[in-house]
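Only one structure is covered here, and it is reproduced in the block below.
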């Protein structure tokens, strides 16, 4: 992991951080197994956590911490912390105690991420100059603490090296209330970068904020939206977000640093020599003129805000009238809608009653249909039964017809016999003897009727 540290105005140290990669997994209860290194790296520390908060966070282990060094990479709003412990066992204990733990219970999403460091390699500085490197291997650096002015020998624990490469006792720096370095006045930890953008083009470079209405616009070297805002609103003063300098568009010059000596750049105290008194008088005159400008600007601001209030009141009154008219229209529409709702309610009741009648009729029709179906089924069964009976009667009638026919033939034969017998009886005895000894031959019939 590449990193750098140091004050850009003095010297910058580049380096490469080699993280430790183990070939085995560490369980939560395996504290006796640890990598052979006594250095840890706290990765992605938020910039909102300063050096004092870091010392408070690591306070339980400051007795076994030999040195703490603050470094950073190119990532904004975050930095890294190197912690060198007295032994590898202490580093392992610190790892299992603080890894994946929140820095504060109030911000649970900011988690402490730790990694074992195998080695640290220092490279050349950014500007190509020598110096500013980390301590070499097998060497000991014994600087002086600039707070207590005592040398930090090997017996001292808890040495903190901040971002500008200046080292101090951790206990001494905890008592230093300022967030800057006691030596070079550089920041102890990276500052939080704001995400301000131009309200027109969205640019994040050369931004100026209007001191009257708070509008943020880009400068004249980008898209000149801050100056366009001045031309539209006549708000004279704007402050640069990069260095907090105030620009007067009416006078076209900077108006801050009212009490700064132009010769040596120092503040002038009242009550000194005549030369200082003259400088103070000149500065006071300049202050009075600036106060006059500020008073006039405040008056313009008052007029501007009064106009804004009047416009807001007019817009509010107009909106109120519009809302009242819309409310009246809505009330009339509501009345019409209520009438329609009442009509629809009565119509709904009639339709519900009619629907109920139709439902009853439909139910009765279904009941009748089921009865008719049952009756049809019974009729079909009766029809089949009567068909069978008709067939049986027809068979019996045909049999009886055959029997009648046979009986008729038999009756005919009997009648023929009787008639023949009577006819024979009427004849004399000779004829009766001939007939008795004779034979009767029946010839072919001529027709069915004759037969």
remark   = Subset of segment 132-178, residues in contact with a strand residue (DSSP E or B) (Cβ under 6 Å, 6 or more places away or on another chain), at pLDDT below 75 and surrounded by 12 or more Cβ atoms within 10 Å (Cβ to Cβ), comes to 132, 133, 134, 143, 144, 152, 158
ask   = Do the conditions hold for residue 211, that is, is it at pLDDT below 80 and not assigned by TED's automatic domain parsing to the domain that holds residue 77?
value = no
message = So, restricting to strands (runs of 3 or more DSSP E) that lie completely within segment 50-128, which ones have at least 3 residues that are at negative phi, modelled with pLDDT under 90 and surrounded by fewer than 20 Cβ atoms within 10 Å (Cβ to Cβ)?
response = 107-123
remark   = Those residues of segment 214-247 which are touching a residue at least 40 places away in the same chain (Cβ under 8 Å) and surrounded by fewer than 17 Cβ atoms within 10 Å (Cβ to Cβ) amount to 233, 234, 241
note = For segment 1-34 the number of residues that are touching a strand residue (DSSP E or B) at 6+ places or on another chain (Cβ under 8 Å), modelled with pLDDT under 75, part of a loop (DSSP other than H, G, I, E, B) and crowded, with 18+ Cβ neighbours inside 10 Å is 0
request  = Evaluate segment 298-307: report whether one residue or more is on the phi < 0 side of the Ramachandran plot and either in contact with a helix residue (DSSP H, G or I) (Cβ under 8 Å, 6 or more places away or on another chain) or at pLDDT 90 or above (or both).
outcome  = yes
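The values are calculated or read from the model by the stated rules, or taken from the named source; none is laboratory data. Here the structure is a predicted model, which is why all the values come from computation and not from measurement. Backbone-built Cβ (ideal geometry, glycine too); neighbour counts: all protein chains shown.
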